[in-house]
Amino acid sequence: MPDLFVFGTLCHSPLLSIVLGRDPVCLPATLDGFAVGCDSGAPAETVLRPEAGAKAEGLLIPDVPEDELARLDYWLAGTADGFRELDVRLGKGTLRALVAVTDPVPEAAPFSREGWAAEWGELACATAREVMARFGKAPRDETAALRSFIAARAWAQILAQDSAPHTLRSGRGRDTVELVRERPGFEGFFRMRAFDLRHQRFDGAMSETFGRESFVTYDAALVLPYDPETDRVLLVEQLRYGTYMRGDPFPSVLEPPAGLVDAGETPETCALREAREEAGLDIRELRPIMGGYASPGYTTEFYHCFLGICSLSAADNGLSGLDEEHEDIRNHVISFDHAMALVDSGEINVVPLAGMLLWLARHRDAIRAQS
C-alpha cells in the first residue's frame, strides 16, 4: 500500500478523519520545491505551487489502502487532478509518496493552518460530512458540482447556532430530541431527509417514535429597498416555480430582492450583493428587520430580512437579473402607500414581503425623521 502526503486543509485532523473515515497515524513531513497556497473560496481550498527553495509542510500517512485513496479523491473532486508520486522529506531522509496535485495557481495566497482552522475549520468539517455521506452513493462529478451548495447548507447550520431568545417559549434543547433512524431521501440541490424520531413532551414524558420528512435548504437574505426622502420602495417581479407547480394562473410574484447566503458569507453581504444583482442598487445603509423560519413544520429555510436605505427614482424601473442564474426580473419603484394597498388587495401574496412592509409601516415615521 502506498504512502500519502497531505498538506494544507487536510492537515486539520478533524477534517482528515472525516474524509478518510478513520483517525490515521500521521508523521510530520515536507515537500521540497513547493509552497502551500490558499485559493479563493469558502472555505478556501489549498494547492501546491512550485517555488524554488520553499518547503511545503504537511503530513505523511503510511500504507494508505485503496478505499481511502478513493475517499480522498472523492473529496478533492474539482480541486485536484489526481495523485502524483513525489519525493517527500521525512526527518533526514526522503521517500516516495503520493501527493494530490493540481495546476499551479499563481495568485494563491500563503496558507496559514492555524488561521484557516479558526476561520473555516468548522465549516469544512460540516461540508465534508455531507460530501462523504454521498461517497459510494452518488457519482464523484455530481457531488463536485453540488459542492458549493452543500457548503451553503453546512453554513446555514453554523448560522443557526445564533438562536432567538426563549423568554416565552420553553428552553427545551436539542438534547430532548432523539433521532432514532434516518431513511433514504432525495440528495441534490435541495435535500429531503426522511427520519424517525421521538422527543420529550411538554408533560416531561417521551413521545412514541414517529416518522417525518424535512426539506433541507439554505439561509436566504432579503432586502427591501426604501428611499425615505421620496417614501418609495422597490419590488422585484419574477416567475416562481412554487406558484407555477401549485397551479396558480399568474405565477409571477412581487418580492424583495433576495438570494441564498453563500458559505462563509454574512447575511448582510448577501443582501447588498442581491440588491446590486437584482435591482442594480447600491444600498447605503442596512437595517435589520427580523430573522425567521419560512415554514418550520417541514423546511429548514431561514430568512434574514433587512431594510435597505437608498435613493430610488423612476430610472430604477426596468429589467435585470443574472443570465447565468436564469433570472428574468422586472423592477417596480412604487410609493409606500401603493405597496400597502397591494398588501391589502392580496396582490402581494409573498408573506415575507408583506411582513417586511408591515414592519416598515411601524417604523417608517422614525426612519423618515432621521433621514
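None of the figures in this text is laboratory data; all of them are computed from the coordinates on show. All values derive from a computational prediction rather than experimental measurement. Every residue, glycine as well, gets a Cβ built from its backbone with ideal geometry; the counts of neighbours run over all protein chains shown.
Along the charge dipole of segment 4-133, Cβ charges K/R +1 and D/E -1, which of GLY33, ALA117, THR94 sits furthest on the positive end?
Going by the Cα projections, it comes out as THR94.
Could you work out [θ]222 nm for the chain from helices alone, using -39500 (n - 2.57) per DSSP H run of at least four and dividing by all its residues? Round to the nearest 500 deg cm²/dmol.
Working: 9 runs with 107 residues, N = 371.
The helix-only estimate for the chain comes to -9000 deg cm²/dmol at 222 nm.
Sorted from largest to smallest, which semi-axis lengths in Å does the alpha carbon gyration tensor of segment 4-133 give for its equivalent ellipsoid, taking the root of 5 times each eigenvalue? Don't jump to the answer; show the numbers that get you there.
Details: eigenvalues 84, 66, 36 Å².
Each semi-axis is the square root of five times an eigenvalue, giving 20, 18, 13 Å.
Once Rh is set to the Kirkwood radius over Cα pairs, what Stokes-Einstein translational diffusion coefficient, in µm²/s, holds for segment 143-238 at a temperature of 37 °C and a viscosity of 0.692 mPa s? Intermediate values should be presented prior to the final figure.
Numbers: Rh = 17.3 Å.
Estimated diffusion coefficient is 190 µm²/s.
How charged is the neighbourhood of GLU213? Take every other residue with its Cβ under 10 Å from the Cβ of GLU213, and add Lys/Arg as +1 and Asp/Glu as -1. Numbers along the way, then the final one.
Details: positive: ARG183, ARG193, ARG212; negative: none.
Result for the neighbourhood of GLU213: +3.
With a ≥ b ≥ c the root eigenvalues of the C-alpha gyration tensor of segment 219-370, is it rounded (a/c under 1.5), prolate (a/b larger than b/c) or oblate? Mind showing how you got there, number by number?
Values: a/c = 1.27, a/b = 1.19, b/c = 1.06.
Since a/c stays below 1.5, the shape of segment 219-370 is classed as rounded.
Based on other C-beta atoms within 10 Å, arrange HIS338, HIS304, HIS166 from fewest to most. Don't skip to the answer; put the middle values down first.
Working: HIS338 13, HIS304 22, HIS166 10.
Fewest-to-most Cβ neighbours within 10 Å comes out as HIS166, HIS338, HIS304.
How big is D for segment 225-297, in µm² s⁻¹ as a whole number, if Stokes-Einstein is applied with the Kirkwood radius of its Cα pairs at 20 °C and 1.002 mPa s?
On the way: Rh = 14.3 Å.
Taking Rh from Cα pairs, D becomes 150 µm²/s.
If you average the C-alpha positions of segment 226-258 and of segment 326-356 separately, how far apart do those two centres end up, in angstrom?
6 Å
What net charge is computed for the residues neighbouring ALA314, neighbours being all others with C-beta under 15 Å from the C-beta of ALA314, Lys and Arg scored +1, Asp and Glu -1? Before the final figure, lay out the partial values.
Working: positive: ARG232, ARG330; negative: ASP227, GLU229, ASP231, ASP316.
Net of charged neighbours comes to -2.
Using the Kirkwood radius over Cα pairs, work out the Stokes-Einstein diffusion coefficient for segment 259-346 at 20 °C and 1.002 mPa s, in µm²/s as a whole number. The partial results should precede the final answer.
On the way: Rh = 14.9 Å.
Taking Rh from Cα pairs, D becomes 144 µm²/s.
Can you tell me how much longer the chain between ARG287 and ARG181 gets when fully stretched, taken as 0.36 nm per residue apart minus their C-alpha distance, in nm with one decimal?
Values: separation 106, 0.36 × 106 = 38.16 nm, distance 4.17 nm.
Stretched fully, the ARG287-ARG181 segment lengthens by 34.0 nm.
Compute the helix-to-body angle for 147-159: its Cα long axis versus the longest principal axis of the chain, expressed 0 to 90° and rounded to tens.
Between the helix axis and the principal axis of the chain, the angle is about 70 degrees.
What is the Cα convex hull volume of the chain when expressed per residue in Å³?
Roughly 191 Å³ of hull volume per residue.
Please order TRP359, TRP75, TRP116 by the number of other Cβ within 10 Å, starting at the fewest. Numbers along the way, then the final one.
On the way: TRP359 16, TRP75 27, TRP116 19.
Least crowded to most crowded, the residues run TRP359, TRP116, TRP75.
Give me the mean projected area, in nm² to one decimal, of the convex hull enclosing the Cα positions of segment 303-354. Working shown, then result.
Details: hull surface 19.3 nm².
Hull-based average projected area comes out at 4.8 nm².
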